[in-house]
Each structure stands twice: as structure tokens, then as C-alpha cells.
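*Asks:* One structure, as C-alpha cells, below. Some questions next.
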Protein chains: 4
Amino acid sequence: MLTIDLNCDMGESFGSWRMGMDDQVMPLISSANIACGWHAGDALVMDRTVQLAASRGVAIGAHPGYPDLQGFGRRRLQCTGREVRAYVMYQVGALMAFCTANGVTMAHVKPHGSLYNTAASDEETALAVAEGIAALNPSLLSVGLAGPRGELVVRAGKEFGLRVIREAFPDRAYAADGDLVPRNVPGAVLSDPQEVAQRALMMARDHRVLALDGTMVELHADTLCVHGDNPAAVDLVRSIRSLLQAEGISIVAMGSRP
Amino acid sequence: MLTIDLNCDMGESFGSWRMGMDDQVMPLISSANIACGWHAGDALVMDRTVQLAASRGVAIGAHPGYPDLQGFGRRRLQCTGREVRAYVMYQVGALMAFCTANGVTMAHVKPHGSLYNTAASDEETALAVAEGIAALNPSLLSVGLAGPRGELVVRAGKEFGLRVIREAFPDRAYAADGDLVPRNVPGAVLSDPQEVAQRALMMARDHRVLALDGTMVELHADTLCVHGDNPAAVDLVRSIRSLLQAEGISIVAMGSRP
Amino acid sequence: MLTIDLNCDMGESFGSWRMGMDDQVMPLISSANIACGWHAGDALVMDRTVQLAASRGVAIGAHPGYPDLQGFGRRRLQCTGREVRAYVMYQVGALMAFCTANGVTMAHVKPHGSLYNTAASDEETALAVAEGIAALNPSLLSVGLAGPRGELVVRAGKEFGLRVIREAFPDRAYAADGDLVPRNVPGAVLSDPQEVAQRALMMARDHRVLALDGTMVELHADTLCVHGDNPAAVDLVRSIRSLLQAEGISIVAMGSRP
Amino acid sequence: MLTIDLNCDMGESFGSWRMGMDDQVMPLISSANIACGWHAGDALVMDRTVQLAASRGVAIGAHPGYPDLQGFGRRRLQCTGREVRAYVMYQVGALMAFCTANGVTMAHVKPHGSLYNTAASDEETALAVAEGIAALNPSLLSVGLAGPRGELVVRAGKEFGLRVIREAFPDRAYAADGDLVPRNVPGAVLSDPQEVAQRALMMARDHRVLALDGTMVELHADTLCVHGDNPAAVDLVRSIRSLLQAEGISIVAMGSRP
């Protein structure tokens, strides 16, 4: 049976500020990446989000980021490997507390924003993230980019005995080499629910994606990243989910596939 | 055999700022309360301090505080029980990550500064601290004041199945009812190493303390709190330790006594 | 000619988090209280909000709060007078920078949330806020509660040579002594636009308010506080503004009345 | 008459953490760069440090940095020009409040740590810093590196009508092109008081420095940066000051030279 994981960033509210439509998205996904209070989220939000995910049977992952609330973790911060390792451990540990209290086991770790991107291009960062995860629990899954730019994270994961889950983006354009087209390029972000759902299907069923130049590219992804920050984004997740299920593809948490 | 625990707040450096003489104090104590990054400490300091404690065989406790770095957690912040519970869980979880990575088990939780004092006088806070600890691991020891003002914490601990460790302060004056004399009262803080060591001995051996009014008061303490923030404080710990050992009292971690 | 000021808290977005409907509200009010980055707002939001107010001819005030982003400045933080004074100065100074850069003069200072409430009940805080304002510019207006609970702030203002502007809340119930009814009392918050506008009119024209027990109470207010955090709140401001203008009352910034 | 300015970073304590020997250093320097609470310092420390500088007749400058307390502003944070401009304005404005309250005028702005270095190599940052300063007060002096690496800051200052003060480091080795030798190169940092004082004298009197390769390099500096974070550093400042004065060079604030 074909399966795929749908993952989404969750728990990004902070204090009195709301962000995301977690209540609507949670029933549609199989894995939730929960912010850990450094770039988004706070202790109350983390508790509530873990509970929500647990109640829906959604797999829980930590979503650690740079210590930059003001910049939502989207700005690169020059850090040593020792810093990154300790930052990942701190945030994953904090989220683990809420998993323990809610009787669930953490499944994966996916770095957020600029930390995710830096890990894809900077070996010291990639190794530090992997080392931090493995130091806590080597059976935690590590999430990295599918395609050529994910290689550093895969190698770093291997170095520390982690299983790396490869992630693709149905709403993003890809280049002929399997790499993401940068956001500032026209056409880099797709928003038509039918088109995005078709791309998700092709990723999940055929392990391929239609590149921006019209060529068909191989892309082996274990999880598809979706968004839930506005009603249109939620519609898009719904559309992806419907088509995948209609085509007989089960949506199951990233760890479930052997 | 008589035993007592000596506990000290550790890991209170932050970023480029140093605080405390952890290297000198660690060999002298049996339990370290390690700051968790909200009122003091940071991820790198936590990692280093857990390692230092582990290497010396010192029992490790979390030292969670209010989210107030600027005020060092010494200012009361009006929080709901739900907030306190989540704040304790977040911080204890973060420190647990470094315990796991360093192969040691966390032994206790002692709230810091104003959170410690608020728990002693506000039932909602006392219950929330206990609930947060128990939600993570009910075999974690909870630390509270010896004497009448510690009753709220003891009862809150019982409510959630926690063992509460009672703490006394050899360098602080006590009132005839077994309560601490407020710091602003003349004579409230003692600094003579011989005198403080004698008081520690009396606490550990006789379960008594000489009150400010000259009466002898019963005081049942399982752990004595010492300080390590300056050379004089370290001398004082040394003096306490020497006298206790000379009198045949073993200094062992708070959890060790049945 | 009768005049009144309508003031509203503005610039409460932070980083990637949006709060408030500043664009809709700004054209409706005469004074904007702009958050200064400690409980809400950030440097970019402050710059943008000052610009928006200036472009609409709305008077600008600083809205300093406790250093508690997580709690949105709504939780009491035990601070010394020296701390409060310095915190007010820091935040007001920071906002002044954006006033200077945008070619406008700051008109008033209104403490936010718990700092506002604490100043109403704690003399040390009231004096410290006034001292901080006066140290920067004694011609800045200070905003405090109308009614009996505003007396501390009035006296503190006098002590430091400040003119104190008295504030009333058209959408809040009042007790027979002119004090606000606490929010948790049923009926404490009003939401019917017609009713709230009528109360605003009575406050502005008759200097009176109908108390919860049916008695008519004198209340001398120079400014009415309105909210803009959701569409219903904006409708309410619109309703107040329409009725006041229809009744010939000019809506002008708080400093304009001699 | 020959004159030179001695500047030092001051007010870097934070909350309960002490840093620097401000009391000893202040009488020895002519310009103080005061931290503004984002990478170091807090409102109380700023108030105290401005007072201390004012009481000694030392010129006051703002020392804004990246929002990174944990990293002491020493880590590059990827920021847009709009962010840098607003961050500079916020911090300079906050310090201005304490200048106003203490009856002194701010003289200069010197970016801290990584912001200083980024401004030297990234044009967008250099322009944003200059724009932020000029928006507040174009008669504020801007401080940048002497030598070739200072050109971006000089040009950015010109763009916004600022006078740029060039800074040299008597305790740092220079390359033959007038650029600083990176800290990780052996010999990059000098610590012998006699030698450092001699280099300071040569910088102030001859506008030259002996480069690491033995060549004599022209270097036009208006201010010499000194440090005060430990007793040896303070001795070094004393040694510099004594030799300069013995050689008839007056130590006066950076703005004083026409």
C-alpha cells in the first residue's frame, strides 16, 4: 500500500498573539512540527498543541529554531556547532516535557526556518543538529530536504545514527536538478489547489516532480510539507488530502513507513 | 549513620556574563540546583554544569524560575497556576535534555528565588509547581522550606505524590516559630564560618536551630542550602563541610536518605 | 465648543505576529498610545505606527509596559520605583526616536496594562512613572484613570509638574463611587454600539455616567479609551465617533483642551 | 596642540551580572560607548553609566548592537537595512532618554561587535546605520574603523551628512595595508603595556603604525579604542594615558577636534 506523510508547522502562536489555524489543520495532517518557544510558541501553547496533536493521533515533532522571536527564526544567526547542538537539545527537551505529560512519544525533529536552511548548506550546523538530536534519543527521526540540497543533512544523520526523513514541497517549484526554486523567482510558489494536489500525488505515487523547465525530475520524499497559516492554505491541505486518499494513498506519520 | 545533603544554586552564568564559582563549589556539595535559562543560565552553561556535576558525582536538580532574566527571577510575577505549571515543565524538560545527553538522571526540582517564595505563600503556585514536576516524573524530589512556612509545599507535593525534601539555611537567622527572619532585619544573615558551621551541625545532628531570641527550636531539614557566589561564600561551604565530616556526618545527595 | 479625545492602543503587532486593526482605527481617533517593544511592538512596528499616526494628524503617546512580552504586560511584576522610572524612560526614549525621525512631537505617555493598574494603587509606582516622564520632558501629558482610583496618579503628576489627563471607558460599567466595575462582574463590559456611544456622549457632554446600580455619577474625563482589536471593536469606535460628531462634539487630541 | 580621544565600551553589566570596571576606567577616558540593552546593559545600568560619564565630563555615545543578549552582539544576524536602521534608532533613542534626564548631550554612535564589523563589509548595513543616526540627529558623530576597511562607513556617513570619526586599536596588530590582523592570527593581540602605549603614541602623534611585517603604515585615527574588562586592561589604559600625556598629547573627546 502506498503511504505518505503530511507535515505542518504548528504551535506558532506566542503569548497574546495568534498564528496559524491549528484546530482546522490538525485533523488533516499526520505529523505536527511544534515550535519550542525560541522563534515562536511558548510553554502554554506547546502544552495545548501537544494535547491537540495527541487527541488527533498526529505524530509529534520538535521544531527548534534560532533564538530570534523578533525575526521568527527566519534570519541566519552565525552560531558555532556547540551552540547549535545545545540550542537543539534545549528546545527538544522542553517539548519532550509536554509529550511526557500528555502521554505521547516524540517522533521527529525538524529544524525551523533559517536553521533548516543553514543545516542544508553548512556542514558544522548539519552535524550539530544531528548530534543534538542523537544525544537525546537516536530513534528520533531527523527531517531534511529531499533532493540534492538535502545531502548534508542525510550524511550528518548517518554520522550520528539517525534515520533521515526526506521532505518535499508540493506548493513550490523545483529546478531540473531536483532543487527548490528560490522564492523570489516568478512562479516559485504555487497556489492553485488542483495543481498543488496533483503535484503532491505525483510526489507520493511516482516519486517525481515536474520541474519549472518542463522536465520530469525524480524526487524521493517521505513527507510532504503543507501550511496552515490562512484559510487558503487550509483549503490547499484539504485538496491534497482528498486527492491522495481518492488515489488510495494512505496518509500516515513519517515514522510508519519501514 | 547520620547524613545530610548540601545543596547549592549552580549554572547561573549567562552568555558572556560569569556568575558563581561553580568549579570550586561543585566538589564540596552533594546536590546542584541548575538554572534553566529563564532567570539565569543558558543552553551552553546548562550543558557544561550538568557535565561538571556528573563528573563529581553530585546529584542534579532543575532550578526553574520566573521568565525574568533582567530581575534574576527575584521579582514576583503574577502568574496563573496553568502558567506556573507549564513554565516548570518547560524548564525541567530543557534541563532533562542535558541530563540525558550526559548519561545522568535528574534527582530533584527546586524553584528559584521569587517562585520558591511564592510557592511557600500561595497555594495555587505551590500546587502548580508540584503538578508540573509530577507530570514529568513523580519520582523527582521536590524541595521546600523546612519549618512552618514550608507546609503549603509539603501538602502540594502530597497531593501529586511527590516526596518533599525540607531545606534549612545555616547562614540565616530563625525566629522562635521556626520561620526564617526576613533579610532586612539586623542579624538576619550570618557570615562567620565557625558560627555558620556550628549551626549547620546542629541542624544536621540535632534537628534544631538557635533562634534569634535565644530559644532552641526544632527544625527538621533534609538538606542545607549553601552559596558559592564569592570566595567568602566558598570558604563558608568548606567550613560547614569540614565540621560536618569531622563530626561523622556523611554528606550525601538529598534522595539518598530513605 | 465641546471637545473630547478618543485614544486607542496601537502598534501592538510584534515580529511576524499581527494584532489590532491600526489602519482602520487610526482615522477614527485623535490620540494613539504606541507600544514600545517591551510588552508589544518592535522597532519596525513603532516606526510604521508613528508614521501612520503622523500621516493622519493623530497625536502620539508612548505606551510603556512591564518587560513581559509573553504576558503582554498584563501581569503585575514586583518592581522598585527606580526600576519603573528607568523602564518608563527607556521605552519613552525609544519611541521618541521614531517621533523625531518622522518629524512629530510626542504628546503623552500612558502606561500599559498592569503598569497602568499598579500606578493606580501603588504610590511608589505612580511616583516613579511620573518622575520618569518628567525627567524626559515635563510638558508630556500623563494619562490616568478618571474617578477616585485615579487620585494617586494625579498627585504623582503634580509632584513632578505634569499635567494629568483623566481617562474614562465608555464600554465599561462604573460603580456608584465612580470606580470601574471589575471585568469579572457580570455586565462589567458593554458591547452594544448604540449603548456605548450614548455613554460616550454622556461622558463627553455631561461629565456623567450611569452607574451599574442605576444612579447617575459625576465623572470628569478628558479622553475616552476605545479599542481596535477586532471588527466589532472598530464598529464601536465608529459608532461613538458618529454620535459625538452628530451632537456637535469635536474629537481633538487630549492636549488641545486648555 | 596634539589631541586624541580614548574611547571605551561601558555599561555592559546586565541585571544581576557585572561586567567591566567602569568606575576605574571612566576617569581615564574621554569618550564612553554605552550599551543600550539589546546585547548588553539594561535601563538601570544605562542610567547609572550616563550619570558616571557625565560626572567625569566624559563624552557619551550610544553603542547599539544586534538583538542578541545571549551572544553579546558578537554573532552576525542577517538583517535587512530597514531592520538595522530601526534597531539603531530604537537603541540610540533609549539612551538619549538617560542623557536628557542627566542633562547631557549625546555625542556619538558606535555600533557594537558584529554590527560594527558587518557595517564595515556590507553596504546595506553601513547605510542603514548612518541613516538611523542621521534620522535622529545629524550632528551625532559616527564611529568607524580607520584604514581601508573603514571606507564603507565613511561613504555611508557622507551620504547622510554625518561626520565619521576614525578609530584605531593600539592593542591590535595591523597588516601592511592598514587593515587589522584577524584575532586568530598569532600575535594579533598585544598585551604589553609599554608596547601598547608606544603604539598609541605613534598613532596619535605620527598617524602611523608598525605593521606585523615590519613596515611602517600610515593610519589616520581620531580615536583610540581601549578596554576595561579586567585589571590588566585597566593597567593598559593607564599606561597609554600616562605616555600620551607625558608626550604633551591632550586626551579630549572625539568631537572636540575641528
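*Asks:* Calculate how many DSSP beta bridges within the stretch A:129-250 are antiparallel, expressed in % of all such bridges and rounded to the nearest 5.
*Replies:* 45
*Asks:* Using a 10 Å cut-off around each Cβ of peptide D:68-74, what is the average number of partner chain Cβ atoms that fall inside?
*Replies:* 6
*Asks:* So if I take the centroid of the Cα atoms in the stretch D:95-135 and the same for the stretch D:69-94, what is the distance between those two points in Å?
*Replies:* 10
*Asks:* Convex hull over the Cα atoms of the stretch A:184-258, averaged projected area in nm²?
*Replies:* Directional mean of the projected Cα hull area for the stretch A:184-258 stands at 5.8 nm².
*Asks:* Can you give the percent of C-alpha pairs in the stretch B:89-150 whose distance is more than 18 Å?
*Replies:* Summing the P(r) of the stretch B:89-150 above 18 Å gives 35 percent of all pairs.
*Asks:* Given only helices, namely DSSP H runs of n ≥ 4 each adding -39500 (n - 2.57), what is the per-residue ellipticity at 222 nm of chain D, to the nearest 500 deg cm²/dmol?
*Replies:* -11500 deg cm²/dmol
*Asks:* May I pose another question? Hey, if you put +1 on the Cβ of every Lys and Arg and -1 on every Asp and Glu Cβ in the stretch D:46-176, which of D:121, D:138, D:104 ends up farthest toward the positive end of that dipole?
*Replies:* D:104
*Asks:* According to the Cα gyration tensor, what semi-axes, each the square root of 5 times an eigenvalue, does the equivalent ellipsoid of the stretch D:43-120 have, listed from largest to smallest in whole Å?
*Replies:* Semi-axes (√(5λ), whole Å): 24, 12, 11.
*Asks:* Each residue of the stretch B:14-30 in order: what ³J(HN,Hα) in whole Hz does its phi give by Karplus 6.51 cos²θ - 1.76 cosθ + 1.60, θ = phi - 60°, with x for Gly and Pro?
*Replies:* Result, ordered by residue: 8, x, 7, 9, 8, 8, x, 10, 4, 4, 6, 7, 3, x, 9, 10, 10 Hz.
*Asks:* Give the Cα extents of the stretch C:136-253 along the principal axes, in whole Å, largest first.
*Replies:* Rounded to whole Å, the extents work out to 40, 30, 27 Å.
*Asks:* Only four residue types carry charge here, +1 at the Cβ of Lys and Arg and -1 at the Cβ of Asp and Glu. Report the dipole size of the stretch B:90-178 about the Cα centre in Debye, rounded to the nearest 20.
*Replies:* Dipole about the Cα centre, nearest 20: 260 debye.
*Asks:* While we're on this one: Treat every Asp and Glu Cβ in the protein assembly as shown as -1 and every Lys and Arg Cβ as +1, leave all other atoms uncharged, and give the resulting dipole magnitude about the Cα centre to the nearest 20 debye.
*Replies:* The calculated dipole for the protein assembly as shown is roughly 0 debye.
*Asks:* In addition: Semi-axes of the equivalent ellipsoid for the stretch C:1-147, please: Cα gyration tensor eigenvalues, times 5, square-rooted, ordered largest first, whole Å.
*Replies:* Equivalent-ellipsoid dimensions as semi-axes: 22, 17, 15 Å.
*Asks:* Related question: Eight or more residues apart or on different chains, and alpha-carbon atoms under 28 Å: count the Lys pairs in the protein assembly as shown matching that.
*Replies:* So the count of such lysine pairs works out to 4.
*Asks:* How far apart are the residue D:245 label points across copies, placing each 7 Å from Cα toward Cβ, in nm, shortest first?
*Replies:* When each copy's label point is compared with this one, the spacings are 5.1, 6.8, 8.3 nm.
*Asks:* Sticking with this structure for a sec: Taking the alpha carbon gyration tensor of chain D, what are the square roots of 5 times its eigenvalues, largest first, to the nearest whole Å?
*Replies:* Semi-axes, largest first: 26, 21, 18 Å.
*Asks:* One decimal, nm, shortest first: give the distances between the label point of residue B:148 and those of the same position in the other copies, each label point 7 Å from Cα along Cα→Cβ.
*Replies:* 3.5, 7.7, 7.8
*Asks:* While we're here: For a quick check, take a GNM of chain A with Cα springs below 10 Å and name the residue from A:137, A:102, A:184 with the largest mean-square fluctuation.
*Replies:* In the Gaussian network model the winner is A:184.
*Asks:* Nm distances between the label at residue A:189 and the same-position labels in the remaining copies, 7 Å along Cα→Cβ, shortest first?
*Replies:* Its label point is 3.3, 4.4, 5.5 nm from the equivalent points in the other copies.
*Asks:* Looking for one value pair here: nearest-to-axis residue in chain A (by Cβ) for the rotation onto C, and the distance in whole angstrom.
*Replies:* A:17, 2
*Asks:* If you don't mind, another one. Let me know the mean shielding of A:78-91 by other chains, meaning the per-residue number of their Cβ atoms within 10 Å of its Cβ.
*Replies:* The shielding value for this peptide is 5.
*Asks:* Pick from C:111, C:182, C:67 the residue whose mean-square fluctuation is largest in a GNM of chain C, springs joining Cα atoms under 10 Å.
*Replies:* Top of the fluctuation ranking is C:182.
*Asks:* Taking the Cα centre of chain C as origin and charging only Cβ (+1 Lys, Arg; -1 Asp, Glu), how large is the dipole, in debye to the nearest 20?
*Replies:* Magnitude of the dipole: close to 300 debye.
*Asks:* With just the Cα atoms defining each centre, how far is the stretch D:159-185 from the stretch A:219-246? Give it in Å.
*Replies:* Between the Cα centre of the stretch D:159-185 and that of the stretch A:219-246, the gap is 53 Å.
*Asks:* So, one more: Rounded, prolate or oblate: which fits the protein assembly as shown, taking a ≥ b ≥ c as square roots of the Cα gyration tensor eigenvalues, rounded meaning a/c under 1.5, else prolate when a/b beats b/c?
*Replies:* rounded
*Asks:* Follow-up question, since we're still on this one. Once a ≥ b ≥ c are taken as the square roots of the eigenvalues of the Cα gyration tensor of the stretch C:9-78, is the result rounded (a/c under 1.5), prolate (a/b larger than b/c) or oblate (a/b not larger than b/c)?
*Replies:* Judged from the Cα gyration tensor, the stretch C:9-78 comes out prolate (a/c at least 1.5, a/b above b/c).
*Asks:* A follow-up question, please. Under the Karplus relation 6.51 cos²θ - 1.76 cosθ + 1.60, θ = phi - 60°, what is the ordered set of whole-Hz ³J(HN,Hα) values for the stretch C:172-189, x standing for Gly and Pro?
*Replies:* 10, 6, 10, 8, 5, 8, x, 8, 5, 7, x, 4, 7, 7, x, x, 6, 10
*Asks:* Looking only at other chains, what is the average number of their beta-carbon atoms within 10 angstrom of each beta-carbon in A:11-22?
*Replies:* 4
*Asks:* Would you mind checking which residues have amide H under 5 Å from residue C:3's amide H? H placed 1.01 Å from N; only 5 or more apart, or other chain.
*Replies:* Here the answer is C:250, since their amide H atoms fall under 5 Å of that of residue C:3.
*Asks:* With springs only between Cα atoms under 10 Å, which of A:225, A:79, A:36 fluctuates most in a Gaussian network model of chain A?
*Replies:* Highest fluctuation among the options: A:79.
No value in this document is a laboratory result; all are computed from the given coordinates. The structure displayed is predicted, hence computed values, not measured ones. For neighbour counting, all protein chains shown are included, and Cβ atoms are generated from backbone atoms with ideal geometry for every residue, glycine included.
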